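The values are calculated or read from the model by the stated rules, or taken from the named source; none is laboratory data. Since the structure is predicted, the reported quantities are computational estimates derived from the model, not experimental observations. All Cβ positions, even for glycine, are placed from backbone atoms using ideal geometry, and neighbour counts span all protein chains on display.
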C-alpha cells in the first residue's frame, strides 16, 4: 500500500535566502526548475514560483516573496449574508476534477494569467504525489448531472496550504471554494494552527478575512504550520 504524500527527490538548487531579501523586494530569485522537490523546497522556505518577463522579452522562472504577505486563517474566514445564501446552492468536492480546475485557472483569456508553460504539468506532478489539491464547486443540473462552476487549487505542506489560483463561472463560486477549503482545514478543530497563503491581500480576498503580515512574521507562521498535520486529505486511491 502506498502512503501519500510521497516525498520526491530533494531540490538540487540553492534557492534564495529570504534573510538577505530587501523589505520592498518581491521577486527574490530567478532560475531553477519546476521539479516537485524544487517546488516543495520553495514553499517550505516561504517562496512560491511564478514566471517573470525578462528585459529581452523572454519568460524566466521567478521566485517570489511579497512583503507584506496575504494570509487567511481557516477559522477566521468571513461569510457575508449573501455568500452564506450562495453556499446553499452549491455542491463541493476535493480532488474530483483537479486537471479541470487547473485548466480553468490557466484560461489565457483571464486577466493577469500566469499558469502557462510547464506550470500545469508541474502541479499535476505534485498532485500525483499527494501534495497538490483542488476544491471544486458544482451546480446540480438534475438527473444526477452537475456542472463545474468554480474552484481553487494549491499545494499543501503540513498545515500550510499555498493557494495558487481560483476561478468562477457563477457569482460567488470562487469565494465559496475558499470558504469550503477553510471548513475542511478546520474540520478537526485544529484550524487555528494552520495557514492559507494567498500571496497578496487583494480587496476581493480581504472581504473573506484575508489579512497582511510582514515577511518575518509570515516565516514564523509557516514554521508553525509546517509542523502540523495536513488538514485536507488527498482523495487518492492507495495502491495495493
Does residue 130 satisfy the condition of being modelled with pLDDT under 90 and surrounded by fewer than 22 Cβ atoms within 10 Å (Cβ to Cβ)?
-> no
Is the stretch 47-57 home to any residue that is touching a helix residue (DSSP H, G or I) at 6+ places or on another chain (Cβ under 8 Å), surrounded by 13 or more Cβ atoms within 10 Å (Cβ to Cβ), in a helix (DSSP H, G or I) and free of Cβ contacts under 8 Å to residues at least 60 places away in the same chain?
-> no
Determine which member of the set 194, 223 is out of contact with any strand residue (DSSP E or B) (no Cβ under 6 Å at 6 or more places or on another chain), crowded, with 23+ Cβ neighbours inside 10 Å and within 25 Å of residue 19 (Cα to Cα).
-> 194
Go through the stretch 8-30 and give me each residue that's under 16 Å from residue 45 (Cα atoms) and in contact with a helix residue (DSSP H, G or I) (Cβ under 8 Å, 6 or more places away or on another chain).
-> 10, 11, 12, 13, 15, 18, 21, 28
Considering (1) surrounded by fewer than 19 Cβ atoms within 10 Å (Cβ to Cβ); (2) within 18 Å of residue 97 (Cα to Cα); (3) in contact with a helix residue (DSSP H, G or I) (Cβ under 7 Å, 6 or more places away or on another chain), say which one residue 144 fails and leave the rest.
-> (3)
Is it the case that some residue within the stretch 61-82 is over 19 Å from residue 212 (Cα atoms), free of Cβ contacts under 8 Å to residues at least 24 places away in the same chain and assigned by TED's automatic domain parsing to the domain that holds residue 205?
-> yes
